[in-house]
Amino acid sequence: MKKRILSLFLLSITALALTACGGNQSSENGEVIVYNWGEYIDPDVLTSFEEETGIRVIYDEFETNEIMYPKVEAGASAYDVVCPSDYMIKKMIDNDLLSKIDFEKIPNAKKYIGQQYYDQSREFDPQNEYSIPYCWGTVGILYNKTMVTEPVDSWDILWNEAYADNILMQDSVRDAFMVALKRDGASMNTLDEAQLQKAKEQLIAQKPLVQAYVIDQVRDKMIGGEAALGVIYSGEAIFTQRENADLAYVIPKEGTNVWIDSWVIPKNAPNPENAQRFIDYMCRPEIALKNFEYITYSTPNEGARELIEEEAIKNSPIAFPDLSQYQNLETYSYLGEEGDALYNELWKEVKSE
């Protein structure tokens, strides 16, 4: 989800990771095994970490939380550092898959990560014991100003027949249902079956208007002018605007998802000390800034934000929105096994229609 096409560099180190994770793992032997979203870190940061510490980074990537989770749960591939999203962190905590963070060994996390992001993290990590925020953002509508002339301020426009075959939706059960539920004034974490059935029917009614259900391709199609409207993550919106000045991003008035991706350390991590060193390095302001400039996803690192030289980015309403201006913002909650099954079954019904 949310990330760009893999670079050759990351493809090569992913191959190393797959080889390493399939064999015997040694403990504290100068390696750190990282499992992260695709294109969610500056490759130069990995190189500089290796050069400074002498610790070799073995790097593996995933596309969705749902792909990542069973691999970590099974334990066949032991990782030292993983970067899940909010609701999935809660699921990992509930299933005893994570070690508590020793903040004394990660001082940069205590010093530079803004308190507001720890406060937000309490929705899925109630005592701030298991996770350290890495990136955050919102989900909204990206639109092409040359193709959409009416005001864009509501999820309703994604059901406007004038844009048939020009609408891109996220190929994600939670994100798709979030749009329909918020449009109807419901919580995106609801387990009310009547609300979910109504959202399902809305998504089925929308299908003839949708050009494609996609993930990374939202960015590329919007840059290329292949669609008028798309549901997108704020970090991708920043990147697209650099490539196409005709694109604009809005948070709909009905509310949306405010998400956080965070570093965690699995309980079966073979190199936990190196994991702590890696996370601490990622929390250095100058390193967090390099990652922000590379991936364009909002950083919770206040030291890094102070280092941003371009005022338009430093005060960007997309990268660093004043969330107090919006209503009905939520973070995804883990809904339990039965809740997950309910959403997945309804999503299958949407996709099969």
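The values are calculated or read from the model by the stated rules, or taken from the named source; none is laboratory data. Keep in mind that what you see is a predicted model, and the values were worked out from it rather than measured. Every residue, glycine among them, receives a Cβ derived from its backbone with ideal geometry; neighbour counts consider all protein chains shown. In case anyone asks, the SASA skips ligands and DNA or RNA and just uses the protein heavy atoms, side chains included. Shrake-Rupley method; radii C 1.70, N 1.55, O 1.52, S 1.80 Å.
For the range 164-177, enumerate the residues that are surrounded by 15 or more Cβ atoms within 10 Å (Cβ to Cβ) and aliphatic (A, V, I, L, M). Result: Ile167, Leu168, Met169, Val173, Ala176.
Only one entry of Ala186, Ala194, Ala180 meets the criterion of being of a type outside the set (Phe, Trp, Tyr), out of contact with any Cys (no Cβ under 9 Å at 6 or more places or on another chain), closer than 22 Å to Gly336 by Cα and buried (at least 23 other Cβ atoms within 10 Å of the Cβ), and that entry is Ala180.
There is at least one residue in the range 143-163 that is β-branched (Val, Ile, Thr) and either in contact with a Lys or Arg (Cβ under 6 Å, 6 or more places away or on another chain) or open to solvent by 30 Å² or more (accessible area, probe 1.4 Å) (or both). Can you pull out the residues in the range 104-122 that are touching a helix residue (DSSP H, G or I) at 6+ places or on another chain (Cβ under 7 Å) and open to solvent by 40 Å² or more (accessible area, probe 1.4 Å)? Those that are touching a helix residue (DSSP H, G or I) at 6+ places or on another chain (Cβ under 7 Å) and open to solvent by 40 Å² or more (accessible area, probe 1.4 Å): Lys105, Pro107, Lys110, Tyr112.
Quick grid of which residues meet (1) open to solvent by 10 Å² or more (accessible area, probe 1.4 Å); (2) at pLDDT below 95; (3) among the polar types (S, T, N, Q); (4) farther than 26 Å from Ala74 by Cβ:
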| position | (1), (2), (3), (4) |
| --- | --- |
| Glu254 | yes, no, no, yes |
| Asn257 | no, no, yes, yes |
| Pro266 | no, no, no, no |
| Glu273 | yes, no, no, no |
| Asp280 | yes, no, no, yes |
| Glu286 | yes, no, no, yes |
| Leu289 | yes, no, no, yes |
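Pairs linking a residue in the range 159-186 that is touching a residue at least 12 places away in the same chain (Cβ under 8 Å) to a residue that is open to solvent by 10 Å² or more (accessible area, probe 1.4 Å) and acidic (Asp, Glu), with Cβ atoms under 8 Å and 6 or more positions apart or on different chains, are Lys182/Glu254; Arg183/Asp156; Arg183/Glu254; Gly185/Glu254; Ala186/Asp192. For the range 231-269, the tally of residues that are polar (S, T, N, Q) and closer than 25 Å to Asn328 by Cα stands at 4. Elements of the type helices (runs of 4 or more DSSP H) sitting completely within the range 36-100 and holding at least 1 residues that are surrounded by 21 or more Cβ atoms within 10 Å (Cβ to Cβ) and among the basic types (Lys, Arg): these cover 86-94.
Filtered by the rule that a residue be under 23 Å from Asp216 (Cβ atoms) and touching a Gly at 6+ places or on another chain (Cβ under 6 Å), the range 47-65 gives a lone residue, Glu61. Taking the listed residues Ala275, Ala269, Ala341, Ala245, the one that is more than 19 Å from the chain's Cα centre (by Cα), more than 25 Å from Val218 (Cβ to Cβ), of a type in the set (A, V, I, L, M, F, W, C) and part of a loop (DSSP other than H, G, I, E, B) is Ala269, with no other qualifying. Residues in the range 305-353 that are among the hydroxyl-bearing types (Ser, Thr, Tyr) and open to solvent by 70 Å² or more (accessible area, probe 1.4 Å): 3 in all.
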